[in-house]
Amino acid sequence: MANAGPWRVARKSLISNREWYGRTFTAYSKHTDRHVKTRHFCTEIIPNIILDNYATASSSVFRYLGIGSGAGVADIHILRELKRRLGSQTIEVTIIEPCSDLIDQFKHNIRQEGGDLSGMTFDFRQCTFEEFRRGCEGARYDCIAGFSVLYYFSNLHDALVWIYSLLTTGGTLVFLTTAEECVFTKTWASFPVITNDNQNNLTCDVIIDQLNKIGAKDVKSLKLKAEIDVTQCFDDKSEDGNLILDFITHTVNIRDSAPPTLVADILQFWKLMCVTRNNKIYVNNNFDYTVATK
């Protein structure tokens, strides 16, 4: 591989361009079965954990905080089930998401639910976690969920301590991170030139260790098995393929901006770990849920 050092300095991280992030996430979502698998976890497993702990709470209002919720696919599954089980109890939802396009998609997905989410109040904050933190005073939540967001915290321990402080007694934390065998984790580890810091390779073991250190209770992880169809990534003319390539490498327009040998090496790396079925190329997209209570 050619020396990519100068390019690394000029590389544009996906999180520096919120609108491009939204486009890449949308393309990725179309080509993974992660969201289908998420439905089972977020309607059958996660709500059980949340409500088993919430049963000891006495508040008449259930408060939910979503951090970096994207289009809200996972959050909506959880909220739908909480609404069903809590009946007429008030549910107040706060969503932190810096990308306006993803907030619009979240709102559209709520409308698609019809009456299933009726009676809930939604407060959408178009801001980063740090921006929310600076303006957050006195709020407490019964469930805090962060799906694929912990990679972006500059100080993980400090962020987790603060998030944990926002939980009510009996409250539940739910985090989602890429699994060790996932294409994201393996690509970031094998090509450090596409990362700006060491946070990208967070796995559930790191999260569990940090949560144990701050005194969280009942800390455990759950495996979500999924795949991504990356077939179009091997076609340099494919818009979706290029967007998926950007999303996995977390780089804006990597095919046109990076040394060609780097892109070729990444694609070859994916071929070595792929599964081919019906002329489609799939790579591992496993995730780990980490849950804890207070």
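The values are calculated or read from the model by the stated rules, or taken from the named source; none is laboratory data. This structure is a prediction, so every number in the text was calculated from the model and none was measured. Positions of Cβ are generated from backbone atoms using ideal geometry, with glycine treated the same way; all protein chains shown enter the neighbour counts. Just the protein is used for accessible areas: all its heavy atoms, side chains included, with ligands, DNA and RNA removed. Shrake-Rupley method; radii C 1.70, N 1.55, O 1.52, S 1.80 Å.
Return the subset of Lys37/Lys107; Lys220/Lys280; Lys107/Lys225 for which the Cα-Cα distance in this structure is over 29 Å, preserving the input order. It would help to have the intermediate numbers written out before the result.
On the way: Lys37/Lys107 22 Å; Lys220/Lys280 34 Å; Lys107/Lys225 27 Å.
Those over the limit are Lys220/Lys280.
3J(HN,Hα) couplings calculated from phi for the stretch 140-147 with the Karplus curve 6.51 cos²θ - 1.76 cosθ + 1.60 (θ = phi - 60°) are, in sequence order, 9, 10, 8, 8, 10, 10, x, 9 Hz; Gly and Pro show x.
What the phi angles of the stretch 34-50 give under the Karplus curve with 6.51, -1.76 and 1.60, with θ = phi - 60°, is a coupling list of 4, 6, 5, 5, 4, 4, 4, 4, 8, 10, 10, 9, 4, x, 4, 5, 4 Hz, glycine and proline written as x. What's the angle, to the nearest 10 degrees (0 to 90), between helix 239-249's Cα axis and the longest principal axis of the chain? Once rounded, one gets 70 degrees. Compared with the dominant principal axis of the Cα atoms in the chain, helix 260-273 is inclined by about 60°. Rounded to the nearest 10 degrees, the angle from helix 18-30 to the longest Cα principal axis of the chain is 90 degrees. Overall, the stretch 184-294 carries a charge dipole of about 520 debye about its Cα centre when +1 sits on the Cβ of Lys and Arg and -1 on the Cβ of Asp and Glu, all other atoms neutral. Element breakdown for the stretch 12-143 at a 1.4 angstrom probe: carbon and sulfur atoms account for 46% of the accessible area.
Give me the percent of the accessible area of the stretch 161-294 that comes from carbon and sulfur atoms, probe 1.4 Å, all protein chains in place. Carbon and sulfur: 48 percent of the exposed surface of the stretch 161-294. Roughly how many Å is it from the Cα centre of the stretch 160-195 to that of the stretch 74-98, as a whole number? The distance from the Cα centre of the stretch 160-195 to that of the stretch 74-98 comes to 22 Å.
Rg/Rh for the chain (Cα atoms only, Rh after Kirkwood) is 0.97. Ligands, DNA and RNA excluded, the heavy atoms of His108 present near 80 Å² of accessible surface to a 1.4 Å solvent probe. Using every pair of alpha-carbon atoms in the stretch 23-156, split the distances into 5 Å bins beginning at 0 and state the percent of pairs per bin, rounded to integers. P(r) over the stretch 23-156, rounded to whole percents: 2, 9, 19, 24, 21, 16, 7, 2, 0. The magnitude of the dipole of the chain, with charges of +1 and -1 set on the Cβ of Lys/Arg and Asp/Glu and taken from the Cα centre, is near 260 debye.
Where the alpha-carbon atoms of the stretch 147-236 are placed on the principal axes, they occupy 51, 27, 18 Å, in descending order.
Kindly report the accessible area of the chain per residue (heavy atoms of protein chains, probe 1.4 Å, no ligands, DNA or RNA), in Å². Please report the intermediate quantities before stating the final value.
Numbers: 12880 Å² over 294 residues.
About 44 Å² of surface per residue is accessible.
I want to check the label-to-label distance for Lys225 and Lys12. Put each point 7 Å from Cα in the C-beta direction and report it in nm to one decimal. Modelled inter-label distance: 3.9 nm. Computed log10 I(q)/I(0) for the stretch 81-144 at 0.25 Å⁻¹: -1.18, from the Debye equation with unit scatterers placed on every C-alpha and solvent omitted.
For Arg111 and Thr43, what is the calculated FRET efficiency with R₀ set at 22 Å and r taken between the beta-carbons, to the nearest 0.05? Before the final figure, lay out each step's value.
Values: r = 19 Å, r/R0 = 0.88.
That gives a FRET efficiency of 0.70.
Computed extension gain for Arg85 through Thr169, at 0.36 nm per residue and net of the alpha carbon distance, reaches 28.3 nm.
At the listed q of 0.09 Å⁻¹, the Debye profile of the stretch 144-294, built from one uniform point per Cα, gives log10 I(q)/I(0) equal to -0.34.
Extension gain, Asn155 to Ser118: 0.36 nm times the residue separation minus the Cα-Cα distance gives 9.6 nm.
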